[in-house]
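The values are calculated or read from the model by the stated rules, or taken from the named source; none is laboratory data. The shown structure was predicted, so the numbers you read here are calculated from the model rather than taken from an experiment. In this analysis, Cβ positions are derived from the backbone assuming ideal geometry, glycine residues included, and neighbour counts consider all displayed protein chains. Accessible surface is based on the protein model in full, side chains and every heavy atom, while ligands, DNA and RNA are left aside. Shrake-Rupley method; radii C 1.70, N 1.55, O 1.52, S 1.80 Å.
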Amino acid sequence: VQLQASGGGLVQAGGSLRLSCAASGGALRGYSMGWFRQAPGKEREFVVGTRWPGSTMTADSVKDRFTISRDTSINTVYLQMNSLKPEDTAVYYCAAESRIIYSQLAVPSSYHYWGQGTLVTVSS
(Lines give C-alpha, C1' and ligand atoms only; values in the text may rest on other atoms or scores of the structure.)
Protein backbone atom coordinates (compact mmCIF):
# COMPACT_ATOMS: atom_id res chain seq x y z
CA VAL A 1 0.00 0.00 0.00
CA GLN A 2 1.30 3.44 -0.95
CA LEU A 3 -0.08 6.50 0.80
CA GLN A 4 -0.12 10.06 -0.53
CA ALA A 5 -1.00 12.85 1.91
CA SER A 6 -2.14 16.24 0.67
CA GLY A 7 -4.12 19.30 1.66
CA GLY A 8 -1.66 21.09 3.89
CA GLY A 9 -1.06 24.81 3.68
CA LEU A 10 -1.05 28.10 5.52
CA VAL A 11 -4.13 29.02 7.53
CA GLN A 12 -4.93 31.62 10.16
CA ALA A 13 -5.67 30.61 13.72
CA GLY A 14 -9.31 29.63 14.07
CA GLY A 15 -9.48 28.41 10.50
CA SER A 16 -10.01 24.95 9.06
CA LEU A 17 -8.22 22.55 6.74
CA ARG A 18 -8.99 19.10 5.44
CA LEU A 19 -6.11 16.76 4.80
CA SER A 20 -6.45 13.81 2.46
CA CYS A 21 -4.58 10.51 2.39
CA ALA A 22 -5.05 8.62 -0.86
CA ALA A 23 -4.05 4.97 -1.03
CA SER A 24 -2.88 2.98 -4.02
CA GLY A 25 -1.72 -0.58 -4.40
CA GLY A 26 -4.35 -1.89 -2.04
CA ALA A 27 -7.77 -1.15 -0.62
CA LEU A 28 -8.05 0.70 2.69
CA ARG A 29 -11.12 -1.27 3.57
CA GLY A 30 -10.16 -3.36 6.55
CA TYR A 31 -7.10 -1.26 7.44
CA SER A 32 -6.60 0.74 10.57
CA MET A 33 -5.58 4.32 9.79
CA GLY A 34 -3.76 6.95 11.77
CA TRP A 35 -2.73 10.57 11.50
CA PHE A 36 0.43 11.73 13.22
CA ARG A 37 2.28 15.03 13.23
CA GLN A 38 5.78 16.25 13.82
CA ALA A 39 6.70 19.81 14.67
CA PRO A 40 10.27 21.09 14.18
CA GLY A 41 12.56 19.76 16.89
CA LYS A 42 9.87 17.54 18.39
CA GLU A 43 8.99 13.87 18.35
CA ARG A 44 6.30 12.52 16.06
CA GLU A 45 3.03 12.57 17.96
CA PHE A 46 -0.29 10.83 17.56
CA VAL A 47 -3.27 12.88 16.41
CA VAL A 48 -6.14 10.53 15.65
CA GLY A 49 -6.61 6.91 14.60
CA THR A 50 -9.39 4.59 13.60
CA ARG A 51 -9.69 0.82 13.51
CA TRP A 52 -11.79 -0.94 10.93
CA PRO A 53 -14.75 -0.85 11.00
CA GLY A 54 -15.01 2.26 13.13
CA SER A 55 -13.60 2.63 16.65
CA THR A 56 -11.65 5.87 16.95
CA MET A 57 -9.02 7.27 19.28
CA THR A 58 -8.24 11.00 19.43
CA ALA A 59 -5.42 12.83 21.17
CA ASP A 60 -6.56 15.14 23.96
CA SER A 61 -4.84 18.08 22.29
CA VAL A 62 -7.14 17.92 19.27
CA LYS A 63 -10.29 16.42 20.74
CA ASP A 64 -13.47 18.19 19.60
CA ARG A 65 -11.48 19.93 16.85
CA PHE A 66 -10.11 17.16 14.60
CA THR A 67 -12.04 14.31 13.01
CA ILE A 68 -10.92 11.32 10.98
CA SER A 69 -13.10 9.79 8.28
CA ARG A 70 -12.68 7.49 5.32
CA ASP A 71 -14.27 7.01 1.94
CA THR A 72 -13.62 3.43 0.89
CA SER A 73 -15.14 4.04 -2.54
CA ILE A 74 -12.18 6.24 -3.47
CA ASN A 75 -9.64 4.68 -1.08
CA THR A 76 -9.09 7.92 0.81
CA VAL A 77 -8.89 8.90 4.46
CA TYR A 78 -9.47 12.45 5.64
CA LEU A 79 -8.45 14.55 8.61
CA GLN A 80 -10.83 17.45 9.15
CA MET A 81 -9.15 20.09 11.29
CA ASN A 82 -11.22 22.92 12.77
CA SER A 83 -10.42 25.75 15.16
CA LEU A 84 -6.75 25.48 14.28
CA LYS A 85 -4.16 26.87 16.67
CA PRO A 86 -0.55 27.92 16.08
CA GLU A 87 0.56 24.89 18.10
CA ASP A 88 -1.03 22.66 15.46
CA THR A 89 1.74 23.70 13.06
CA ALA A 90 3.56 20.56 11.96
CA VAL A 91 4.11 18.10 9.16
CA TYR A 92 1.17 15.73 9.18
CA TYR A 93 1.57 12.08 8.21
CA CYS A 94 -0.99 9.41 7.49
CA ALA A 95 -0.31 5.78 8.27
CA ALA A 96 -1.98 2.43 7.67
CA GLU A 97 -1.78 -1.04 9.06
CA SER A 98 -3.88 -4.13 8.50
CA ARG A 99 -4.04 -5.31 12.11
CA ILE A 100 -3.75 -3.07 15.18
CA ILE A 101 -5.35 -3.54 18.54
CA TYR A 102 -7.13 -0.45 19.81
CA SER A 103 -4.60 0.36 22.52
CA GLN A 104 -1.81 0.52 19.92
CA LEU A 105 -3.48 3.03 17.58
CA ALA A 106 -1.41 5.86 19.04
CA VAL A 107 1.93 4.09 18.66
CA PRO A 108 3.84 4.99 15.47
CA SER A 109 5.70 1.66 15.35
CA SER A 110 2.34 -0.13 15.07
CA TYR A 111 2.00 1.08 11.46
CA HIS A 112 3.79 -0.42 8.48
CA TYR A 113 2.71 2.01 5.76
CA TRP A 114 3.36 5.77 5.85
CA GLY A 115 2.62 8.70 3.58
CA GLN A 116 5.22 11.36 2.83
CA GLY A 117 3.74 14.11 5.00
CA THR A 118 2.05 17.43 4.30
CA LEU A 119 2.93 20.70 6.03
CA VAL A 120 0.32 22.61 7.98
CA THR A 121 1.22 26.09 9.17
CA VAL A 122 -1.14 28.01 11.43
CA SER A 123 -0.44 31.70 11.82
CA SER A 124 -1.48 33.68 14.88
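Test F66 against the criterion of being among the aromatic types (F, W, Y), in contact with a Lys or Arg (Cβ under 9 Å, 6 or more places away or on another chain) and surrounded by 19 or more Cβ atoms within 10 Å (Cβ to Cβ), and give yes or no. In short, no. Each residue in the stretch 35-61 was checked for being under 10 Å from the mean Cα position of the chain (by Cα) and hydrophobic (A, V, I, L, M, F, W, C), and 5 pass.
Residue-wise test of (1) surrounded by fewer than 22 Cβ atoms within 10 Å (Cβ to Cβ); (2) on the phi < 0 side of the Ramachandran plot; (3) in contact with a Lys or Arg (Cβ under 9 Å, 6 or more places away or on another chain); (4) not in a loop (DSSP other than H, G, I, E, B).
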| position | (1), (2), (3), (4) |
| --- | --- |
| L10 | yes, yes, no, yes |
| G15 | yes, yes, no, no |
| S20 | yes, yes, no, yes |
| K42 | yes, yes, no, no |
| V47 | no, yes, yes, yes |
| W52 | yes, yes, yes, no |
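Scanning the stretch 74-124 for residues that are part of a loop (DSSP other than H, G, I, E, B), of a type outside the set (S, T, N, Q) and open to solvent by 60 Å² or more (accessible area, probe 1.4 Å) returns I74, K85, R99, I101, H112.
Within the stretch 22-40, being surrounded by fewer than 17 Cβ atoms within 10 Å (Cβ to Cβ), modelled with pLDDT under 95 and in a loop (DSSP other than H, G, I, E, B) holds for G25, G26, A27, R29, G30, P40.
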